[in-house]
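*Asks:* This is the structure I want to talk about, given as C-alpha cells.
The values are calculated or read from the model by the stated rules, or taken from the named source; none is laboratory data. Quick caveat, the model's predicted, so the values are computed rather than measured. In this analysis, Cβ positions are derived from the backbone assuming ideal geometry, glycine residues included, and neighbour counts consider all displayed protein chains.
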Amino acid sequence: MNKQGFTMAEILLSLTIIGVVAAITLPSLTGNINERTWNTQRKALYARFSQAIALMPSINGYGTLEEGDPNNIAETFITAGLAKVLKINNICNHEHLTDCGIPSKITTTGNSVYNGFPETLGAYNSLYLSTSVEGTISLIDSKTAAFETQNGESIVVFYNPQCRYDNSNSTTTNMFAQYMICANFVFDLNGNKGPNTFGKDMGAITVLYPTDSSVVMPIPTPKDAGRAQHINAAKLCKSENNERLPNKEELASLFINKDFWNLTTDGEPVYWSSSLITRNGTTYAWDIRSDSGLLRSYVPRNSNSYVVRCVKR
C-alpha cells in the first residue's frame, strides 16, 4: 500500500510562495481598507459639521478686536459658538496645538512636508496679500486654535470674524475668497497617529458667508487634470476617474488650503469652477486666481483655456 504526502521541501516551497504573494498584495489590500475607512469618517465628520453650522444663527461675531486681543478670537469662536452645537472634548490655544492631537509634521498631496501649522490666519497660505493687481486684502490677523471632538478627530481652526456675503448677484464680477471665508477647519481623522497626509487622513472643511452659510469639504485629485476651455472642463474631469469640477465655494476652499492641496501659482494660475452666472444673455463661469484668491466671472465659457483641478464625487 503506497502512502502519498508532501515532502518538507514541498511544504517550505509552498509557504514561501504564499509569503511572497502576501507581501505583494497585503499593502494594496491594507491601503484599500484604509481609504474606505477614511472616506466613511470624512463623510460622517462633514455631516456633523454641516448640522452644527446650520444650528448657529451666525458664524461671525464671536470675538472682535474691540473685545480684546486677536489672540483669543478663534478660541472664543470655539468656546462661545461651536461648542454649543458640536461635541468637543478638549480646546487648545495657538501655543499648544499638539496638545489637541495636531500632528507636528504634515504631508501634502505633492509629498512636501510641513512642520506643523502657522499660528495666525495671516500666515496661513499668505492670506494677507499687501499688494495685488486687483486690490488689497486686509483682515483681522487672528491666532489659530484647535480642539478634539468626542469622535477622536483633531481640528485646527482659522477664523475670520469679518467674513462677508456673496456679492455675485451685484454688478461686481470680482471678489476675494478671503473675505467670503468665515472659518477654515483643517482636520486629522486620527490625531497624530499617521499618515498625517492630505487626501488620506487629513483634509479641510471650509465655511463661507456669515449667515445661511455654505459648508464645503472638497477632496481634490492629487494633481491638475490639464488646461481647457470651460465648456470642455467638466469632460476633462469625467475622464479623470469620473470626477467633477469644484463649485465656486469649493474652489475658494481649495485656494485657502492651496499649499496642502498642491495648487500651482506659476504662469497664469487660474482655475475653473463649475459655477455659472448669466448677465445680459451671456453665460460666464466663475474662476479663481490661485496667486491672489480673486474670484472672477467675466470670462465666457467658450473662450479662455484655464487650469482644471477635479474633485472627488
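*Asks:* Considering only residues that are assigned to a loop (DSSP other than H, G, I, E, B) and of a type in the set (Phe, Trp, Tyr), look in the stretch 120-178 and name the one that is modelled with the lowest pLDDT.
*Replies:* Tyr128
*Asks:* Pairs under 8 Å by beta carbon, first residue of a type in the set (Asp, Glu) in the stretch 101-124, partner surrounded by fewer than 16 Cβ atoms within 10 Å (Cβ to Cβ) and assigned to a loop (DSSP other than H, G, I, E, B), six or more apart or different chains?
*Replies:* Going by the 8 Å Cβ cut-off, the qualifying pairs are Glu119/Glu95.
*Asks:* Within the stretch 177-223, can you find the residues that are touching an Asp or Glu at 6+ places or on another chain (Cβ under 8 Å) and aromatic (Phe, Trp, Tyr)?
*Replies:* Phe187, Tyr209
*Asks:* Go through the stretch 304-313 and count every residue that is assigned to a loop (DSSP other than H, G, I, E, B) and surrounded by fewer than 24 Cβ atoms within 10 Å (Cβ to Cβ).
*Replies:* 3
*Asks:* Considering only residues that are modelled with pLDDT of 95 or more and among the charged types (D, E, K, R), which ones fall in the stretch 201-242?
*Replies:* If the condition is that a residue be modelled with pLDDT of 95 or more and among the charged types (D, E, K, R), then Asp201 is the only one that fits.
*Asks:* Then there is this: Among Ser274, Ser303, which is the only one that is among the hydroxyl-bearing types (Ser, Thr, Tyr) and within 20 Å of Ala204 (Cα to Cα)?
*Replies:* Answer to the selection: Ser274.
*Asks:* Scan the stretch 258-277 for residues that are more than 13 Å from Ala177 (Cβ to Cβ) and buried (at least 22 other Cβ atoms within 10 Å of the Cβ) and report the count.
*Replies:* Residues flagged as more than 13 Å from Ala177 (Cβ to Cβ) and buried (at least 22 other Cβ atoms within 10 Å of the Cβ) within the stretch 258-277 amount to 3.
*Asks:* Now a separate question. Can you pull out every residue in the stretch 74-91 that is of a type in the set (D, E, K, R) and either farther than 14 Å from Met56 by Cβ or part of a strand (DSSP E or B) (or both)?
*Replies:* Answer for the stretch 74-91, where residues must be of a type in the set (D, E, K, R) and either farther than 14 Å from Met56 by Cβ or part of a strand (DSSP E or B) (or both): Glu75, Lys87.
*Asks:* Filter the stretch 59-83 down to the residues that are out of contact with any strand residue (DSSP E or B) (no Cβ under 9 Å at 6 or more places or on another chain) and surrounded by 12 or more Cβ atoms within 10 Å (Cβ to Cβ), then identify the one that is modelled with the lowest pLDDT.
*Replies:* Among residues in the stretch 59-83 that are out of contact with any strand residue (DSSP E or B) (no Cβ under 9 Å at 6 or more places or on another chain) and surrounded by 12 or more Cβ atoms within 10 Å (Cβ to Cβ), the one modelled with the lowest pLDDT is Glu67.
*Asks:* Go through the stretch 275-313 residue by residue and tally those that are within 17 Å of the chain's Cα centre (by Cα) and within 16 Å of Ala228 (Cβ to Cβ).
*Replies:* Number satisfying all stated conditions: 5.
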